[in-house]
Structure formats: C-alpha cells, structure tokens
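Some notes on the structure that comes next.
The values are calculated or read from the model by the stated rules, or taken from the named source; none is laboratory data. None of the values given here were measured: they were computed from a predicted structure. With ideal geometry, Cβ positions are generated from the backbone for all residues, glycine too; neighbour counts draw on all protein chains shown. All accessible areas refer to the heavy atoms of the entire protein, side chains included, with ligands and DNA or RNA removed. Shrake-Rupley method; radii C 1.70, N 1.55, O 1.52, S 1.80 Å.
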Amino acid sequence: MVYTSSQQWPENYIERMDIPMLLDPVLLRSARQIYRTYYEVHPDLTQRPTGVAIDRYTHRGKLIFKKRPILLPQECFVPFSQLEAEIY
C-alpha cells in the first residue's frame, strides 16, 4: 500500500523505530565514532540525537535529531540506544 502526501497514515500503523534490529558491527562501530567525534567537537551539546544515519558503503554519516529520519537508499539508521549499548 502506497500513501501519497495527501493521504494520512492508518491508525493501526506501527512505528518501526522501536523494533530492535541487528546491525553490521563495523557500521555500529563507525556510527559510534561519528557520535563520539561530534560530541568532542560540540561538548555543550544539549539536545540528544535520535541516532546516526550512516552510508552502508562509505561509512560516512551524520547525527539525526528528528524523530523520523529520511534516509537515502544506501543509508541505514542506527538509533541512539544502540550507540550507547555495549555488547559484552
């Protein structure tokens, strides 16, 4: 089912941002480094990002502060909860 801008989302639409997903460990490491670098450059950061949009091939990315990120086809989204979580 495709929705145009004039149509509204159905009421039973499920927000997919809260579903845990497995990411490539290399992408996760790159996303953490992007966040760490941004935080070091901007230590007065008051607004917590929702995550990082990262290119699957180049591993370049940017912090996202909006609730619903718009991604390019080659990008994936790493939520902030996975940036902070450490796997032991």
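For region 21-88, the solvent-accessible area works out to 74 Å² per residue, with a probe of 1.4 Å and every protein chain left in place. Please say if region 46-88 is rounded, prolate or oblate, where rounded means a/c under 1.5 for a ≥ b ≥ c the square roots of the C-alpha gyration tensor eigenvalues, and otherwise the choice is prolate for a/b larger than b/c and oblate otherwise? It is oblate, given that a/c is not under 1.5 and a/b is not larger than b/c. In this label model, residue 24 and residue 85 are separated by 2.0 nm, measuring between points 7 Å along each Cα→Cβ vector. Annotation: amide H of residue 51 within the under-5 Å range of 64, 80, sequence separation 5 or more or interchain, hydrogens built in the peptide plane.
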